[in-house]
Amino acid sequence: MLLHLIFSLSVFILIDNGNAGLTSSFIRNEWPSVDIPLDNEVFAVPKGYNAPQQVHITQADYEGKAVLISWITPDKPGPSQVRYGLSEGKSEFTAEGSVTNYTFYNYTSGYIHQCFLDGLQYDRKYYYEIGDGDSARKFWFETPPKVDPDASYKFGIIGDLGQTYNSLSTLQHYMNSGAKSVLFVGDLSYADRYKYGDVGIRWDTWGRFVEQSAAYQPWIWSAGNHEIEYMPYMGEVTPFKSYLYRYPTPYQASKSISPLWYAIRRASAHIIVLSTYSPFVKYTPQWKWLREELKNVDREKTPWLIVLMHVPIYNSNVAHFMEGESMRSVFEGWFVEHKVDVIFAGHVHAYERSYRVSNIHYNVSSGDPYPIPDKAAPVYITVGDGGNQEGLASKFRDPQPDYSAFREASYGHSTLEIKNKTHALYHWNRNDDGKKVKIDSFVLHNQYWGSNHHRRKLNKNHLHSVILNRASTAQL
Ligand SMILES: [Fe+2]
């Protein structure tokens with residue numbers, strides 16, 4: 001415990017005193033950025049006729065008491081029922097879901113099942129079973145702790161994953177991290193790198209690939225450009241078609257009109273998912289929804305305000321430079337006003353972390369045109385480094401801009417371990433030839449409870465509870 005504290009303090013000092021950004025000199029010895037062959041065991045079809053495959057779960061309500069389970073049966077619809085309960089091998093409850101499918105050019109998907117489990121207890125392990133007879137399959141998941149300002153919880157953050165050997169390394173490292181839920185920042189399968197019927201086939205392989213994690217813990221989805229799949233040359237012009245059929249989100253629970261932007265509360269975090277590739281300028285549905293959702297954030301209940309989006313707002317890589325500028329000009333003022341703690345993005349296939357900066361005073365006609373240090377601003381973190389077939393974005397702009405604290409062109413994933421209402425530990429873990437190496441770490445101080453006013457309130461409450469404790473001890 002003491003060692004942990006010393007580590008935390010030393011990292012905190014390192015980060016808070018830092019002003020010059022660092023560009024890592026590490027050169028990734030890259031595995032080829034090619035997709036794993038279709039016959040590899042990581043894409044294996046589960047045994048048994050019509051056995052459920054591509055099983056994945058996500059949070060299905062606003063508060064974390066419901067789970068949406070989704071899976072695909074290849075041969076016939078079969079049952080959409082989930083049998084579940086709190087003891088292994090004994091299903092106390094059943095829930096009935098629905099089934100659908102879709103076509104994409106000459107590909108017809110399997111039967112996509114979705115089943116909603118609600119009224120779950122917080123902080124429990126549930127066992128569930130899907131499928132028929134000998135082909136039935138068993139999984140489990142853990143519900144989060146009750147929404148509470150001091151609930152501790154560990155999230156993982158993964159982006160731009162794809163289905164290469166690098167993707168596999170990222171997924172395996174993530175699964176050893178002890179994190180309980182993935183905040184996924186867009187670009188899932190990279191199936192759109194294929195043509196015609198192969199697009200659907202590569203969505204299926206990706207579904208089987210991530211099942212090893214996504215069937216056991218919720219992945220909180222956001223969409224990237226590789227989900228758009230606007231492919232007029234084969235007559236496919238409905239944006240996000242495959243993604244929306246396969247990866248449902250609980251958007252209605254936060255009164256959104258689109259599965260592409262929504263919010264959830266989980267443990268002590270309020271998580272807002274935005275869509276880079278949906279209209280977001282003033283008066284659009286997403287803009288209006290975000291304005292209202294930010295009013296719903298109650299930092300007394302959920303101190304941690306986290307935003308996910310695909311395209312980073314602050315990015316000093318040559319790849320995708322300035323692509324986030326339009327969203328920055330629309331939303332950055334709100335992020336600062338509402339003291340967002342951290343914004344995670346993907347898209348750029350490298351890692352980068354910013355200092356707390358803003359550029360809200362520049363309004364084209366006046367103001368400082370450069371980002372400036374701003375204690376009310378979020379930390380911006382780009383983790384588009386899951387390891388897809390497009391490879392790394394290895395060229396950073398030179399010199400490193402003042403807002404960029406650390407950057408490295410490697411594959412990896414991040415974790416955010418919320419300790420209480422005031423502190424969270426953050427790590428970025430590089431995939432280093434099969435090993436997971438913690439590279440970038442810092443203590444994230446909560447933007448709301450870290451303010452002088454709330455710190456005083458916290459100290460007062462702490463003092464009050466100490467006095468009460470002493471009084472009750474004295475009575476014993
Ligand atoms: Fe992308």
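Ordered by the count of other Cβ atoms within 10 Å of each Cβ, fewest first, Trp203, Trp140, Trp304 give Trp140, Trp203, Trp304. Less than 5 angstrom separates the built amide H of Arg266 from those of Ile271, all sequence-distant by 5 or more or on a different chain.
Amide H contacts under 5 Å for Val185: Ile158, Gly159, Asp160, restricted to partners 5 or more places along the chain or on a different chain, H placed in the peptide plane at 1.01 Å from N. Phi angles of region 326-331 translate, via the Karplus equation with coefficients 6.51, -1.76, 1.60 and θ = phi - 60°, into HN-Hα couplings of 5, 5, 4, 5, 8, 10 Hz per residue; Gly and Pro are given as x. Length available on full extension from Tyr283 to Asn106: 0.36 nm per residue minus the Cα-Cα distance, which gives 59.9 nm.
What ranking of Trp71, Trp287 emerges when the number of other C-beta atoms within 10 Å of each C-beta is taken as an exposure proxy, fewest first? Display every interim value, and only then the final one.
On the way: Trp71 29, Trp287 16.
Going from sparsest to densest Cβ surroundings: Trp287, Trp71.
For region 358-373, 3J(HN,Hα) computed residue by residue from phi via the Karplus equation (6.51, -1.76, 1.60; θ = phi - 60°) reads 9, 9, 8, 8, 7, 10, 6, 8, 7, x, 5, x, 10, x, 10, x Hz, glycine and proline entered as x.
Compute the signed sum of charges (Lys and Arg +1, Asp and Glu -1) over the other residues within less than 13 Å, Cβ to Cβ, of Gln286.
Numbers: positive: Lys255, Lys282, Lys288, Arg291; negative: Glu292, Glu293.
After counting each charged neighbour, the total is +2.
The distance linking region 170-202 with region 371-416 is 20 Å (Cα centroid to Cα centroid, whole angstrom). Using θ = phi - 60° in the Karplus curve 6.51 cos²θ - 1.76 cosθ + 1.60, the 3J(HN,Hα) couplings for region 81-96 round to 8, 10, 9, 8, x, 8, 10, 5, x, 10, 9, 7, 10, 10, 9, 9 Hz; x is entered for Gly and Pro.
Jot down the per residue volume, in cubic angstrom and as a whole number, of the convex hull over the alpha-carbon atoms of the chain. Walk me through the intermediate numbers first.
On the way: hull volume 79.0 nm³, N = 476.
Residue-normalised Cα hull volume stands at 166 Å³.
Panel order for Ile306, Ile158, by other beta carbons found within 10 Å of each beta carbon, from fewest to most: Ile306, Ile158. Within straight-line reach of Lys457, meaning a Cα separation under 14 Å, sit the following aspartates and glutamates at least 8 residues removed in sequence or on another chain: Glu300.
Mean residue ellipticity at 222 nm from the helices of the chain, using -39,500 (n - 2.57) per DSSP H segment of n ≥ 4 over the full residue count, to the nearest 500 deg cm²/dmol? Walk me through the numbers before you get to the answer.
Numbers: 7 runs with 100 residues, N = 476.
Helices in the chain give a 222 nm mean residue ellipticity of -7000 deg cm²/dmol.
Only the coordinates and a few stated rules stand behind these numbers; no lab work does. Predicted model, so just to flag it, every value in this text is computed and none were measured. Ideal geometry is used to build each Cβ from the backbone, glycine not excepted, and the neighbour counts take in all protein chains shown.
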